[in-house]
1. Using amide H atoms built in the peptide plane, which far-off residues or other-chain residues are under 5 Å from residue A:119 H to H?
2. Please list A:160, B:80 in order of solvent-accessible area, largest first, computed with a 1.4 Å probe with all protein chains present.
3. Return, in residue-number order, each cysteine of chain B whose C-beta is not under 4.7 Å from any other cysteine's C-beta.
4. In debye to the nearest 20, how big a dipole does segment A:133-261 give about its Cα centre with +1 on each Lys and Arg Cβ and -1 on each Asp and Glu Cβ?
5. For every other residue with a beta carbon closer than 13 angstrom to the beta carbon of residue A:145, add +1 if it is Lys or Arg and -1 if Asp or Glu, then tell me the sum.
6. Rank A:79, A:68, A:17 by how far each Cα sits towards the positive end of the charge dipole of segment A:1-100 (+1 on Lys, Arg Cβ; -1 on Asp, Glu Cβ) and give me just the farthest.
7. Among the listed pairs A:211/B:41; A:92/B:3; A:14/A:239; A:56/B:65; A:2/A:135; A:14/B:59, which have their C-alpha atoms separated by more than 25 angstrom in this model?
8. Give me the inter-chain shielding for A:38-50: mean count of other chain Cβ atoms within 10 Å, whole number please.
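The values are calculated or read from the model by the stated rules, or taken from the named source; none is laboratory data. A quick note: this is a predicted structure, and the numbers were derived from the prediction, not measured. Every residue, glycine as well, gets a Cβ built from its backbone with ideal geometry; the counts of neighbours run over all protein chains shown. To get the accessible areas, we keep the full protein, side chains included, count just its heavy atoms, and leave off ligands, DNA and RNA. Shrake-Rupley method; radii C 1.70, N 1.55, O 1.52, S 1.80 Å.
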Amino acid sequence: MKYSYFPGCTLKNKASSLDRYARECAPLLGFELCELPEWQCCGGVYPLGRDETATKLSSVRALAAARSEGRDLVTLCSACHHVIKRVNDDMKNVEEIRTSANNYLALDEPYRGETNVLHYLEVLRDVVGFENVKKQVKNPLKGKKIGAYYGCLLLRPSGVMAFDDPEDPTILEDFIRAIGAEPVIYPYRNECCGGYVSLKDRELSRGMADKVEASASGFGTEMLITACPLCLYNLKKSKAALPVYYFTELLAEALGVAKDS
Amino acid sequence: MTKAEKQAELIRDISGVDPYKCMKCGKCTATCPSYAEMDIKPHQFVSFVIRGEIEALTKSRSLEKCLSCFACIERCPRSVEPGRLIDAARQLAARERGGGFLTTEEVPEMCDPDTPSQLLVSAYRRYRR
């Protein structure tokens, strides 16, 4: 199975291991990520304003490119996934946005939200199946107590994201079980890490990351996993300083793809 | 129509929010991870829009404290979703005044070797026009 793939800006530099291990693991699980030949940064934050069109166009271009390749579009970064999935929903369901974006782009065929957007984790859950991920595991991460950190962007707003139960998600815990480790359920796993305020208001974001890590370590978490480069950055700056990894790093370790653990 | 009324209408237009649906349950503020830092709390944004006090909203420091975490949006039982009003007020302020909260000159000293580009593009989109 081949998917069109949107890596996003950060996966080309600071979060290169999120990208690399995802690509390297895919063939072992029966699929392939084909990077879109041309893609532009999603902008990181979904533009809520109904009259905001220009800021949604990079997503529309990626979505239309995947349509012309005839494939579903896979994302990895939580922010890219959030922005592209929501813009796709707009293009499907919001007449004013669809019309104005198509007027801007003047594509050969107007885009109407035809592309199916999937996060890599959704491919693992819904296409490969965690049972089959488990079958491919060579080095189960036995005895490791891992806390899933969901953050905001994959889950909310749940009506559009339709990723998992927004208050009691299970996809990352199921992933953790599939790679042979033990998931730790803790209250702050779907609370905010502080997001972009960490650029200018470090105190505020650090307070939030501290709460997340205190909550996680209070329940016995030894390490956290995430799909978001900004969450990883913010969590690493917190007091508790728990190790934080991208979920693909642990997947690669479990599948025997990664050289070092 | 006064300037304040026009601005209130603009905020309703940009956000798509009907503030009259609010039943004042306060769940938005209770769930907001930034509420303690906000001078105008999420549930109060709704009342300010109803009263047409938009000037105060566009000058509120809450605009910079909102994290776009979508907690108030997910948990609002009436689909009022005050985060959308906060963002519309922020856009109104940026469109009128250009969004001076973050300047290009100050960015280099805020970065460290681990700063992800995601942080820069997100902050730019949120804080600037």
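1. Here the answer is A:75, since their amide H atoms fall under 5 Å of that of residue A:119.
2. Result of the area sort, largest leading: A:160, B:80.
3. B:22, B:25, B:32, B:66, B:76, B:111
4. In debye, rounded to 20, segment A:133-261 gives about 400.
5. On the way: positive: A:142, A:144, A:177; negative: A:173, A:182, A:222.
The answer is 0.
6. Farthest towards the positive end: A:17.
7. On the way: A:211/B:41 21 Å; A:92/B:3 35 Å; A:14/A:239 22 Å; A:56/B:65 23 Å; A:2/A:135 21 Å; A:14/B:59 35 Å.
Table pairs above 25 Å Cα-Cα are A:92/B:3; A:14/B:59.
8. Other-chain Cβ atoms within 10 Å of each residue's Cβ, averaged: 6.
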